[in-house]
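Since the structure comes first, as structure tokens, the remarks are kept for the end.
The values are calculated or read from the model by the stated rules, or taken from the named source; none is laboratory data. Everything numeric here is computed off the predicted structure, so don't read it as measured data. Because the Cβ atoms are built from the backbone with ideal geometry, glycine has one as well, and the counts that use them run over all protein chains shown. We work out accessible area using only protein heavy atoms, side chains counted, and drop any ligands, DNA or RNA first. Shrake-Rupley method; radii C 1.70, N 1.55, O 1.52, S 1.80 Å.
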Amino acid sequence: MELKIKNKKSFMTFMVVVITLSLIVEALICLGFPSWLYAVLMWIPAISAVIANKGRLHCFRRCKLKYILFSLLLPFIYIGIPYIIVWKVFPDSFINQGSILYVLIVITLGTIISLLTALGEEIGLRGYMFTTLNKEYGLNKALIVTSLFWCIWHLPLLIWGSYMNTTPIWYRIPAFILCIFPLGVVEGLITLKSNSVWPAAILHATHNNYDQVLFGQLTYGEKVGYFVSETGIYTIILIWFIAVFLYLDVSKESKNEKSI
């Protein structure tokens with residue numbers, strides 16, 4: 001896939017910087033360096049985009065409120081429902097350690113804190129990489145390349161680190177890819193529809209908060225990783241359904257616009 005001349009230099013700069021810096025920081029994490037390096041890692045895509053585009057970023061546009069609400073509520077479906085199913089099927093997996101007030105605090109404060117790091121990934125991957133590829137090669141290639149890159153970007157942490165280590169590696173890697181790829185598609189589509197990086201960043205932040213802080217902290221069990229979170233079969237099924245539905249909706253809108 002050859003890039004057009006006008007964007008080739010900046011895009012290649014982005015790819016070289018994001019891959020090089022990410023590998024260095026991921027290696028340090030896997031070697032046992034402090035966990036705050038995760039925050040550094042998540043801002044590398046944004047830093048790379050700023051360097052590649054010489055500080056000119058146009059992804060912080062205003063968007064309609066419905067896209068923000070969509071991003072806040074969607075993870076309740078594909079993250080929350082699998083956990084609720086597991087709690088019903090395996091009652092001992094539920095840890096009753098909080099009140100409604102606790103849940104509300106985690107939802108609000110946790111999402112805000114998570115946004116501080118999720119925004120770094122989304123500025124680079126959806127705000128710059130996806131937007132650039134979409135202009136050059138169209139929606140399908142942009143969604144596939146960006147989502148696959150996002151999956152591969154996580155692999156060192158899955159293979160050599162402790163990320164998502166509740167399942168064996170032979171299951172963890174394909175399950176993670178099957179989950180994160182459609183999530184990348186959803187984030188690309190919501191970026192396209194809203195014309196802003198904010199909905200994708202909020203969706204990413206809400207996803208991390210609900211999975212790792214809210215529902216994850218209320219759940220215990222050796223086998224729950226097969227059903228919930230970013231390696232869970234229930235999560236995979238739901239996020240694929242959402243991705244396909246949203247993709248068909250965007251494709252239909254695009255066809256209607258062309259026919260007018």
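Considering only Gly124, Gly110, Gly138, the mean-square fluctuation computed in a Gaussian network model of the chain, springs between alpha carbons under 10 angstrom, is largest for Gly138. Let me see the pair-distance distribution of the range 23-178: every alpha carbon pair, 10 Å bin width, integer percents in order. Result returned by the calculation: 9, 26, 38, 22, 4, 0. The ellipsoid that matches the Cα gyration tensor of the range 176-260 has semi-axes, each √(5λ) in whole angstrom, of 30, 15, 8, with the longest given first.
Split the accessible area of the range 194-260 by element, probe 1.4 Å, and carbon with sulfur accounts for 64%. Tell me, how many Å apart are the Cα centres for the range 183-242 and for the range 26-52? Using only Cα atoms, the two centres lie 21 Å from each other. Compared with the dominant Cα axis of the chain, that is its longest principal axis, helix 198-208 is turned about 30°.
All Cα-Cα distances of the range 97-220, cut into 10 Å bins from zero to the largest, leave 13, 38, 34, 14, 2, 0 percent in each bin in turn. Taking θ as phi - 60° and the Karplus parameters 6.51, -1.76 and 1.60, the scalar couplings of the range 79-95 work out to 9, x, 4, x, 5, 4, 4, 4, 4, 6, 6, 10, x, 6, 7, 7, 10 Hz in sequence order, x denoting glycine and proline.
Scanning the chain for GluC sites (Glu not before Pro) in DSSP loops with at most 16 neighbouring Cβ atoms within 10 Å leaves 3-221 as the longest stretch between them.
For the pairs Lys9/Lys54; Lys66/Lys135; Lys135/Lys193; Lys8/Lys135; Lys141/Lys252; Lys66/Lys193, note any where the Cα-Cα span goes beyond 20 Å.
Details: Lys9/Lys54 12 Å; Lys66/Lys135 25 Å; Lys135/Lys193 14 Å; Lys8/Lys135 13 Å; Lys141/Lys252 18 Å; Lys66/Lys193 11 Å.
Lys66/Lys135, as the Cα separations exceed 20 Å there.
Per residue, the chain exposes 52 Å² of solvent-accessible protein surface, assessed with a 1.4 angstrom probe and all protein chains in place. Relative to the longest principal axis of the Cα atoms of the chain, helix 100-122 runs at roughly 30 degrees. In terms of Cα atoms, the Rg and Dmax of the range 57-128 work out to 16.0, 48 Å. Annotation: amide H of Thr219 within the under-5 Å range of Ile95, sequence separation 5 or more or interchain, hydrogens built in the peptide plane. Rounded to whole numbers, the Karplus 3J(HN,Hα) couplings from phi for the range 29-44 are 4, 5, 7, x, 6, x, 5, 5, 5, 4, 5, 4, 4, 5, 9, 4 Hz, using 6.51 cos²θ - 1.76 cosθ + 1.60 with θ = phi - 60°, and x at Gly and Pro.
Take every Cα pair under 8 Å in the range 108-260 that's 6+ residues apart, average their separations, divide by the length, and report that relative contact order as a whole percent.
Values: 152 pairs, mean separation 45.5, N = 153.
Across the range 108-260, relative contact order equals 30 percent.
Taking every alpha-carbon pair within the chain, the share separated by more than 27 Å comes to 37 percent.
Within the listed set Leu238, Leu104, Leu178, the residue fluctuating most in the Gaussian network model of the chain (springs between alpha-carbon atoms under 10 angstrom) is Leu104.
Calculate what fraction, in whole %, of the accessible area of the range 106-150 sits on carbon and sulfur atoms when a 1.4 Å probe is rolled over the protein chains. Write down the numbers at each step before the final one.
Details: 1230 of 1610 Å².
In the range 106-150, the share of accessible area belonging to carbon and sulfur is 76 percent.
Measuring r between the beta carbons of Val103 and Thr166 and using R0 = 30 Å, the FRET efficiency lands at 0.85.
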